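Working notes, structure below.
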Amino acid sequence: KIKQINSSLFLLCFLSVFFFLRSLLHGSLDEEIVVATTRVETMLGDTAVAVHPKDDRYKHLHGKTVWHPFRKCEIPIICDDFVEMDFGTGAVKITPAHDHNDYDVGKKHDLPFLTMLTDDGNINAICEQFKGMPRFAARKAVIAALKTEGMYRETKDHAMVVPVCSRSKDIVEPLIKPQWFCNCNEMARQAVQAVRDGELRLIPKMHEKTWFSWLENIRDWCISRQLWWGHRIPAYFVTFTDNSIPQGEDMDGTYWVSGRTEDEARQKAAK
């Protein structure tokens, strides 16, 4: 099954597999929690394991940590009601830097965002053991390493939807990148009020419910859209040739300026 999202992105339904992985509780040799994933290589960037707060199977694990077998560090077990108790094992790995839902969970629980892929789709320096491997080669290598460590449980078939780029025909990987957004709160407020005041009519009237649902829960509009070959955004990153001035990070938003013209942006940068 194929569903087109926009001119560059399609969602394809594939028969994939669930990989079931064991995570040992930190300080324990036998107590474990099992998570299921279809993208096992992204575990290199995991920063938590999530369970539903009402799931009795895991209540004794609330507030505890598990041991990451490759980064050699502890990651927390967190509680969040977004977890579906009857799906998979009811415990999910959280990779905030490489999954849309996990991103929201990471923000909510103030988790670290660890990028484990380069722009070329290779494993970065997050784990020396797999550094430089293409993502799908790393998938096989991670599974083999987990089996060696006794951390691999089983594999099961699983139908899933995969985003595919219409241009490159490659599978799309979520990555955290600097983005530019337009605050839509005021526009949404005016659009809602226009309908409530009768200034704007929606025909048929039943569409008002959808109108209010979208606009009263509006989020900032991403105008950069992550099309690397698409429209340029009139935003500039300020750099310094004087080494005595601290250099900025492209993700923190501090050293970015925007302007309708390059001269306007330069004036802002000078300030």
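The values are calculated or read from the model by the stated rules, or taken from the named source; none is laboratory data. All figures in this text were calculated on a predicted structure; none of them were measured in a lab. We place every Cβ from the backbone using ideal geometry, glycine too, and count neighbours over all the protein chains shown. Note: accessible area is taken over every heavy atom of the protein model, side chains too, but ligands, DNA and RNA are not part of it. Shrake-Rupley method; radii C 1.70, N 1.55, O 1.52, S 1.80 Å.
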(message) Along its three principal axes, how long is the range 75-141 when you only count alpha carbons? Whole Å, largest extent first please.
(response) 36, 25, 20
(request) Over the chain, with every protein chain in place, what whole percent of the accessible area is carbon and sulfur at 1.4 Å, could you tell me? (result) 53 percent
(request) Return the aspartates and glutamates within reach of LYS268: Cα separation strictly under 20 angstrom, same-chain partners fewer than 8 residues apart disregarded; answer none if there are no such residues. (result) ASP242, GLU249, ASP250, ASP252
(request) Give the span of the range 98-253's Cα atoms along each principal axis, as three whole-Å numbers ordered largest to smallest. (result) 67, 56, 36
(message) Under a Cβ-only charge scheme (Lys and Arg +1, Asp and Glu -1), can you give me the dipole magnitude of the chain about the Cα centre, in debye to the nearest 20?
(response) 680 debye
(message) As I understand it, the value is the acute angle between the Cα axis of helix 100-109 and the longest principal axis of the Cα atoms of the chain; what does it come to in degrees, rounded to 10?
(response) 90 degrees
(message) Can you return the lysines within cross-link range of LYS107? Criterion is Cα-Cα under 21 Å, with same-chain partners fewer than 8 residues away left out.
(response) LYS64, LYS93, LYS177
(message) Can you tell me, using C-alpha contacts under 8 Å and at least 6 residues apart, the relative contact order of the range 164-250 as a whole percent?
(response) 32 percent
(request) At 0.36 nm per residue, minus the direct Cα-Cα distance, what do GLU186 and LEU202 gain on full extension? Give it in nm, one decimal, please. (result) 3.8 nm
(message) Please compute the modelled spin-label separation between ILE233 and GLN179, points set 7 Å along Cα→Cβ, answer in nm with one decimal.
(response) 0.9 nm
(request) Please name whichever of ASN122, GLY150, SER244 sits farthest to the positive end of the charge dipole of the chain, dipole taken about the Cα centre and charges placed at Cβ: Lys and Arg +1, Asp and Glu -1. (result) ASN122
(request) Quick one: grab the alpha carbon gyration tensor of the range 151-223, order the square roots of its eigenvalues as a ≥ b ≥ c, and give me rounded if a/c is under 1.5, else prolate or oblate depending on whether a/b is larger than b/c. (result) prolate
(request) Any chance you could get the radius of gyration and Dmax over the Cα atoms of the range 20-112, in Å? (result) 11.9, 33
(request) Mind pulling the angle between the C-alpha long axis of helix 135-149 and the longest principal axis of the chain? Nearest 10 degrees, somewhere in 0 to 90. (result) 30 degrees
(request) Taking H placed 1.01 Å from N in the peptide plane, check which residues at least 5 places from ALA91 or on another chain put their amide H under 5 Å from its amide H. (result) ALA36
(request) Return the long-range amide H neighbours of ILE78 (sequence gap of 5 or more, or a different chain), with a cut-off of under 5 Å between placed amide H atoms. (result) VAL49, ALA50, VAL51
(request) For the range 66-72, just list the computed ³J(HN,Hα) in residue order, Karplus coefficients 6.51, -1.76 and 1.60, θ = phi - 60°, integers in Hz, with x standing in for Gly and Pro. (result) 10, 9, 7, x, 9, 7, 6
(request) Please list, or write none, the lysines whose alpha carbon is within less than 16 Å of the alpha carbon of LYS169, excluding same-chain residues fewer than 8 places away. (result) LYS1, LYS3
(request) Report P(r) for the chain: all Cα-Cα distances, bin width 10 Å, range 0 to the bin holding the largest distance, values in whole percent. (result) 6, 21, 28, 24, 15, 6, 0
(request) Could you go through the range 187-196 in sequence order and give the Karplus-derived ³J(HN,Hα) for each residue, using 6.51 cos²θ - 1.76 cosθ + 1.60 with θ = phi - 60°, rounded to whole Hz, and x for Gly and Pro? (result) 4, 5, 4, 5, 5, 5, 5, 4, 6, 5
(request) Please work out the average accessible area per residue across the chain, using the 1.4 Å probe convention, and give it in Å². (result) 64 Å²
(message) Given contacts defined as C-alpha pairs under 8 Å and at least six residues apart, what's the relative contact order of the range 93-210, whole-number percent?
(response) 16 percent
(message) Using a 1.4 Å probe on the protein heavy atoms only, what accessible surface does ASP86 show? Give it in Å² to the nearest 10.
(response) 140 Å²
(request) Amide H neighbours of ARG153 under 5 Å, at least 5 residues apart or on other chains, H built in the peptide plane: list them. (result) PHE20, LEU21, ARG22
